[in-house]
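The values are calculated or read from the model by the stated rules, or taken from the named source; none is laboratory data. Being a predicted model, the structure only gives us computed values, none of them experimental. Neighbour counts run over all protein chains shown; Cβ positions are idealised from the backbone, glycine included. With ligands, DNA and RNA removed, areas are computed over all heavy atoms of the protein, side chains included. Shrake-Rupley method; radii C 1.70, N 1.55, O 1.52, S 1.80 Å.
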Amino acid sequence: MAQIRQILESKGKDVFWVTPETSIEKALALMAEKGIGAVVVMQGETISGIFSERDFARKTLTIDGFQLALPVSAVMSKPVYFVKPDQSLEECMTIMTEKHIRHIPVMEAGKLIGIVSIRDVIKYLIADKNFEILELERFVSSQTQEGLP
Amino acid sequence: MTRVRDILAEKGNAIWTITSQTSVRDALAMMAEKKIGALAVVDTGSLVGMFSERDYARKVISIPNFSLDLPVEKLMTRRVFFAIPEQTMDECMAVMTQKNVRHLPVMDESILIGMISIGDVVKRTLFEMDNRIKDLEEYLWIHLI
């Protein structure tokens, strides 16, 4: 049974983070730059929360006076579920499914050593299966006035 | 071999849709209410795009004078990858991973008949893993008695 450790080995241990005071706008810019869906919110060495695209989408409507200049602490989620490197891929998938989350930080000896996303999980599950993606490319595309793809 | 139609049979084929003129505010409200991460954008019976949490998170910071009252057509993704009912779950996983999408509308001929998410796929995979372990346990039990 695959362990989280193996997923980190293939994806790397980069974790992108912000502080509770970082603005939502800056956090979103970092996420866009790195192509990720969530950032960990760190206060020194402690994880104070996690901010994801879902938090942004949901809380835009529920927070009074919502604006991008607000600190990420106003919209982040906590508590943060985490896993350890020796836990199984299956446990990780179970937590994601039951808690409805797409990102889980990985902790070892109290230290943040990586983060696993639901995409990392799927990628790992199909890693040894080769697909001719070209054959699977089925898409619809609508024309736009601005000529965007 | 699990196919998309098996997943739809279990989760249902409810499709939550909006039009390209629906406001971002209303789209987000619908997503929150239905507890989903994306909506199919349908104009007069045709699928013209998808609007997801990612579209919102990525594009809000690049649109000058952004307002929640803007129509989703300003943020939606127009090139929509979709699945067909006979497609296997593995194939869905490949498309989701490689094209970086978390939702695939399901089309039968050109009719939108459902939506499948990365969460549905993970849930199903877990279910099958569990069944395999249960089958294995039964097998061991039978052979131990």
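Considering segment A:110-141, and only residues there that are modelled with pLDDT of 95 or more and small (G, A, S), the residue that is nearest to the chain's Cα centre (by Cα) turns out to be A:S117. Looking at segment B:18-45, which of the residues that are over 12 Å from the mean Cα position of the chain (by Cα) and part of a strand (DSSP E or B) is farthest from the other protein chains (Cβ to nearest Cβ)? So the residue we want is B:I18.
Please go through segment B:34-63 and pick out each residue that is open to solvent by 50 Å² or more (accessible area, probe 1.4 Å) and either of a type in the set (S, T, Y) or touching a Phe, Trp or Tyr at 6+ places or on another chain (Cβ under 9 Å) (or both). B:K34, B:T44, B:S46, B:K59, B:S62, listed by residue number.
Regarding segment A:2-25, can at least one residue be identified that is open to solvent by less than 50 Å² (accessible area, probe 1.4 Å), closer than 17 Å to B:Y56 by Cβ and under 13 Å from the mean Cα position of the chain (by Cα)? Among the residues of segment A:2-25, not one is open to solvent by less than 50 Å² (accessible area, probe 1.4 Å), closer than 17 Å to B:Y56 by Cβ and under 13 Å from the mean Cα position of the chain (by Cα), which makes the answer no.
Just checking: which of the strands (runs of 3 or more DSSP E) contained wholly in segment B:58-139 hold 2 or more residues that are at the interface with chain A (Cβ under 8 Å from one of its Cβ atoms) and not aliphatic (A, V, I, L, M)?
Passing ranges, in order: B:79-81.
Output the residues belonging to segment A:51-80 that are in contact with a helix residue (DSSP H, G or I) (Cβ under 7 Å, 6 or more places away or on another chain), farther than 19 Å from B:S23 by Cα and open to solvent by 50 Å² or more (accessible area, probe 1.4 Å). Correct list: A:A69 only. Restricting B:V41, B:V4 to those that are within 24 Å of A:R58 (Cα to Cα) and either β-branched (V, I, T) or out of contact with any helix residue (DSSP H, G or I) (no Cβ under 7 Å at 6 or more places or on another chain) (or both) reduces the list to B:V41.
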